[in-house]
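**Q** Please find one structure pasted underneath; my questions will follow.
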Amino acid sequence: MRKLYVFDTTLRDGEQSLGITLNVKEKLEISHQLVRLGVDIIEAGFPASSPGDMESVKTIAKEVKGVIICGLTRAAVQDIDLCAEALHNAEYPRIHTGIGVSPVHMEKKLKLTPDQVVEQAVAAVKYAKKYVSDVEFYAEDAFRSSPTFLARVIENVISAGATVVNIPDTVGYANPWEYGELINYVINNVKNIDRAIVSVHCHNDLGMATANSLAGIKAGASQLEGTINGIGERAGNTSLEEVIMSIYTRRDGYGVESKINTREISATSRLVSRITGVTVPDHKAIVGANAFNHASGIHQDGVLKDRKTYEIIQPETIGVPQNIISLTARSGRHALQHCLMELGYTIEGAQLDDVYQRFLQLADQKKEVFDQDLYVLMGDSGGIESSIVLQSMSIATNGVEMATATVILEIAGKTITDAACGNGPVNALFNTIDRITGNTAILEDYTLKSVTRSSEALGEATVKLRNNDGRLVVGKGFSTDIIEASAKAYINALDKRNLHTELVTES
Ligand code: KIV
Ligand code: ZN
């Protein structure tokens, strides 16, 4: 079987395009999970794009081992210098450099002739080779380029030392058979193609990203690029989990195998959704909440007789937990540890004690604690130390149009109380928190949903705040009390944008 390399770009094409600022800890948490998932390459960011990205790539390169860490650059020396610096401590560094090759990119965006594009592409690869042996070249908008010109570019960059050549369908324009033909054309018309790995990178504008990637793999590509849950620019990138499970389920048809541990797919999807704040639709293939639900009577009857009637993937294959233990306030540490292990968390000692105490508090408020509650329990803070603490809050409302919130916060050891009005309880609450913290970031989005079943369900609030620099931060809060969940989410977002640091310096 041919080996299929899996290249994850959740932290680059996924995160960057959504305008969401993930902090370094969150990116590290995702990277460690990607290692558990078994990806071969993590594209950790685009170091030249911002100091934050530089910092993240540096940290991931230093701390995440056993996997190739890749950084993106344009075909420019400054970008490549910064990327090399960011990757300095990586065990296996890769520079991903490239340039647009379609007529519209060359004429309108780059204002370069085709000859100049070839020259710049070759120069970039040669320059990157001075730093690392593993250089991937992307031919941006390859699908809308002329195949003969594309083949010329690819042949030249391979001669210059590119070890991987990425053929993106940047705008998601291809049909599956056409993308397959393009990959086939590259493989059969680039003389030195045996010296490089051919990579597929598709976007989902026409809903074809999975189909196109599979067509490219079938035609001979040996590297798959995509993101978890398909997050990314516009309609998103290829959903890695969809292609991986297609290849796994229909292994008769592709002749490739990856080293992905499919049992980590569910945990990875939930983690990415929680950290980015991008919700997975219930009907989404593989990782949607309903992907394994059988609702109609006929289907239920069928799966009870034999699962294979309506089930082509068993939920446990992608790590959807099959709990046989009910967790309640009477459960002990061992039962909790067992259920957490089923969800992919290995904890013991003091960490288990700490989680157990928080579990008991939650179990006191709910009859039964479900898997979703446990995910929340394990990730309540979103990976950051909270320096704004909600001490208490109360809401007074006349039930018609106005509400008043009184909030007590502890910020850097100082207790501050204030009150403000709003057109409803949540609005009053956020206005009060703004008064206390001096927040000026704009509330861009606020959602509330129930994350578990039963009448004592845990509410999950998501707050998106737009910073003055245009970037979004996502805050999450969980509680059985939805107003408290909202306050926690707002504070979590403020914590992430480090507003408290400004406050402390001001006072
Ligand atoms: O879609 C694309 O062309 C890209 C490249 C920058 C690799 O993301
Ligand atoms: Zn892309």
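**Q** Run the reach check for K367 against lysines, Cα to Cα strictly under 29 Å, same-chain hits fewer than 8 apart removed. What comes back?
**A** Excluding near neighbours in sequence, the set is K449, K476, K488.
**Q** While we're on this one: Between the stretch 350-378 and the stretch 435-489, how many Å separate their Cα centres?
**A** 20
**Q** Let me ask something else. Which entries in the list K25/K108; K414/K464; K3/K27; K109/K284 go over 31 Å, if you measure between the two C-alpha atoms of each?
**A** From the list (K25/K108; K414/K464; K3/K27; K109/K284), the Cα-Cα distance tops 31 Å for K25/K108; K109/K284.
**Q** Highest first, please rank the peptides 178-189, 104-115 by the mean number of other Cβ atoms sitting within 10 Å of their residues.
**A** Result, highest mean first: 178-189, 104-115.
**Q** Under a point spin-label approximation (7 Å from Cα along Cα-to-Cβ), what is the R195-N398 distance to one decimal in nm?
**A** Each label point is offset 7 Å from its Cα along the Cβ direction, giving 8.0 nm.
**Q** If you don't mind, there's one more thing I want to ask. Once neighbouring chains are kept in place and the probe is 1.4 Å, which whole percent of the accessible area of the stretch 2-276 is contributed by carbon and sulfur?
**A** Roughly 52 percent, rounded to a whole number.
**Q** Then there's this: Given N residues in the chain, what is Rg(Cα) / (2.2 N^0.38 Å)?
**A** After normalising by residue count via 2.2 N^0.38 Å, the value is 1.05.
**Q** For n ≥ 4 DSSP H runs only, could you compute -39500 (n - 2.57) per run for the chain, divide by its residues and tell me the 222 nm figure to the nearest 500?
**A** Per the formula, -12000 deg cm²/dmol.
**Q** If amide H atoms are built 1.01 Å from N in the plane of the peptide, which residues on other chains or at least 5 residues away come under 5 Å of the amide H of G45?
**A** Close amide H contacts, sequence-distant or interchain: L72.
**Q** Once phi is turned into θ = phi - 60°, what whole-Hz ³J(HN,Hα) does the Karplus curve with 6.51, -1.76 and 1.60 give for every residue of the stretch 458-471, x standing for Gly and Pro?
**A** Whole-Hz 3J(HN,Hα) from phi for the stretch 458-471: 7, x, 10, 9, 10, 10, 10, 10, 8, 6, 4, 7, x, 7.
**Q** Please give the contour-minus-distance gain from A335 to L360: 0.36 nm per residue of separation, less the Cα-Cα distance, rounded to one decimal in nm.
**A** Extra length available between A335 and L360 comes to 7.8 nm.
**Q** Going through the DSSP H helices of the chain, which span 15 Å or more along their own axis at the Cα atoms while scoring at least 1.0 as a mean Kyte-Doolittle hydropathy?
**A** For the chain, where a helix must reach 15 Å along its axis and average at least 1.0, there are no hits.
**Q** Still on this structure, I have one more. Only Lys, Arg, Asp and Glu count, each charged at its Cβ (+1, +1, -1, -1), so figure out the dipole size of the chain about its Cα centre, rounded to 20 debye.
**A** 720
**Q** Out of V287, T148, G45, whose Cα points farthest toward the positive end of the dipole of the chain (charges: +1 Lys, Arg; -1 Asp, Glu; placed on Cβ)?
**A** Result: T148.
**Q** Still on this structure, I have one more. Is the stretch 323-381 rounded, prolate or oblate when judged by the Cα gyration tensor, a ≥ b ≥ c being the square roots of its eigenvalues, rounded requiring a/c under 1.5 and prolate requiring a/b larger than b/c?
**A** Verdict is rounded for the stretch 323-381.
**Q** Indicate the gyration tensor shape class of the stretch 54-204 (rounded, prolate or oblate), computed on the Cα atoms with a ≥ b ≥ c the square roots of the eigenvalues: a/c under 1.5 is rounded; otherwise a/b larger than b/c is prolate and the rest oblate.
**A** Verdict is prolate for the stretch 54-204.
**Q** Gain in length, N188 to C421, computed as 0.36 nm per residue apart minus the alpha-carbon separation, to one decimal in nm?
**A** Working it through step by step, the gained length comes to 77.0 nm.
**Q** If you take every DSSP beta bridge whose two residues both sit in the chain, what share of them, in percent to the nearest 5, is antiparallel? Spell out each step's value before the answer.
**A** Working: 36 of 75 bridges.
Bridges in the chain that DSSP calls antiparallel: roughly 50 percent.
**Q** When ligands, DNA and RNA are left out and all protein chains stay put, how many square angstrom of accessible area per residue does the chain have with a 1.4 Å probe?
**A** Ligands and nucleic acids excluded, the figure is 44 Å² per residue.
**Q** In addition: Using each residue's phi in the stretch 409-419, evaluate 6.51 cos²θ - 1.76 cosθ + 1.60 at θ = phi - 60° and report the 3J(HN,Hα) Karplus result to the nearest Hz, with x for Gly and Pro.
**A** 10, 10, 10, 6, x, 9, 8, 10, 10, 7, 9
**Q** Here is a follow-up. Using the alpha-carbon centroid of each, what span in Å lies between the stretch 148-173 and the stretch 282-333?
**A** 43
**Q** Another question, then. What percentage of all Cα-Cα pairs in the stretch 133-176 are separated by more than 16 Å?
**A** Percent of Cα pairs beyond 16 Å in the stretch 133-176: 36.
**Q** OK, next. Let me know the volume per residue of the alpha-carbon convex hull for the stretch 401-467, in Å³.
**A** Numbers: hull volume 8.3 nm³, N = 67.
With only Cα atoms used, the stretch 401-467 gives 124 Å³ per residue.
**Q** What percentage of the solvent-accessible surface of the stretch 323-381, computed with a 1.4 Å probe over protein heavy atoms, is contributed by carbon and sulfur atoms?
**A** 48
**Q** Using the alpha-carbon centroid of each, what span in Å lies between the stretch 113-138 and the stretch 175-205?
**A** 19
**Q** Let me cross-check K305: its accessible surface, 1.4 Å probe, with only protein heavy atoms counted, in Å² to the nearest 10?
**A** Counting only protein heavy atoms, K305 exposes about 150 Å² to solvent.
**Q** Additional query: Remind me, relative contact order of the chain in percent, using alpha carbon pairs under 8 angstrom and six or more residues apart?
**A** Worked out over the chain, it gives 10 percent.
**Q** Pulled fully out, how much extra length does the chain show between K126 and E348, if you take 0.36 nm times their separation in residues and subtract their Cα-Cα distance?
**A** This chain segment gains 75.0 nm when fully extended.
The values are calculated or read from the model by the stated rules, or taken from the named source; none is laboratory data. Bear in mind that the values here come from a model prediction, so they are computed numbers and not experimental data. No Cβ is skipped: glycine too gets one built from the backbone with ideal geometry, and neighbour counts run over all protein chains shown. Note: accessible area is taken over every heavy atom of the protein model, side chains too, but ligands, DNA and RNA are not part of it. Shrake-Rupley method; radii C 1.70, N 1.55, O 1.52, S 1.80 Å.
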